[in-house]
Amino acid sequence: MERRFWIFDLDGTITLPVHDFEMMRKELGLPAQKPIIEEIVKLPQAKASRLFEKLDEMEFELATQAVPQVGAADVLREVVDRGGRVGIYTRNSDRCAWETLSRCGLVDLFGKTDVVTREVCEPKPSPQGIHLLLSRWKAEANEAVMVGDYLYDMLCGRQAGVATVGFNGKGHFPWEEYADYIVSGFAAIFDLPVFPNMQA
């Protein structure tokens, strides 16, 4: 069944991966191998605010270096050209998300309400961002797809009841049991049975 509402993770999915999360944890003084946002929110409010500011600065610097995955722009534009909608659900901040999209030349594909960040709703793996986008688009879960490179992307997609596409440019996706489809390059998305065929 083809689906015309496509939601993408940002860093490492639409963009080439550049984040060194263990280094970032060390810089922030957080425990190794623990999710950064969840660890920060456990802290007293004043300290948490300082760390979120520092995190945002680190992520913004990386956003200024963002480079799109080969074929990502083609897929996003084709969804839109075929009458679909594209959105972003990221654990990043608003300014980092938009800077990333700007550096990748993709800003024109997204309306202001099509990009959902940690400042808008609960971060992944919560499905809240997907529910929000579907509500804004007046779409049903069985019309939508979540594409991402990490476990949290698959978990939020499953919880929201949308189709899930696991992406890994290196050809191995470690969480395949949570993915309906797995691709190692964006060009393969065109061949998925859920890719929209209709015209605008």
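The values are calculated or read from the model by the stated rules, or taken from the named source; none is laboratory data. These numbers come from a predicted model, not from an experiment. A quick note on method: Cβ atoms are made from the backbone with ideal geometry, for glycine too, and the neighbour counts reach across all protein chains shown.
Quick look at the numbers
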{"quantity": "Number of the exception - ALA32 against (1) part of a loop (DSSP other than H, G, I, E, B); (2) closer than 27 Å to ALA188 by Cα", "calculated": "(2)"}
{"quantity": "Residue satisfying all of: in region 118-166; closer than 23 Å to GLN69 by Cβ and among the acidic types (Asp, Glu); modelled with the lowest pLDDT among these", "calculated": "ASP149"}
{"quantity": "Sole exception among (1) surrounded by 19 or more Cβ atoms within 10 Å (Cβ to Cβ); (2) without any contact (Cβ under 8 Å) to a residue 40 or more places away in the chain; (3) not hydroxyl-bearing (Ser, Thr, Tyr) for PRO68, by number", "calculated": "(2)"}
{"quantity": "Residue in region 78-95 that is over 19 Å from VAL147 (Cβ atoms), without any contact (Cβ under 8 Å) to a residue 60 or more places away in the chain and part of a helix (DSSP H, G or I) present", "calculated": "yes"}
{"quantity": "Per-region count, region 44-77, residues β-branched (Val, Ile, Thr) and outside any loop (DSSP other than H, G, I, E, B)", "calculated": "1"}
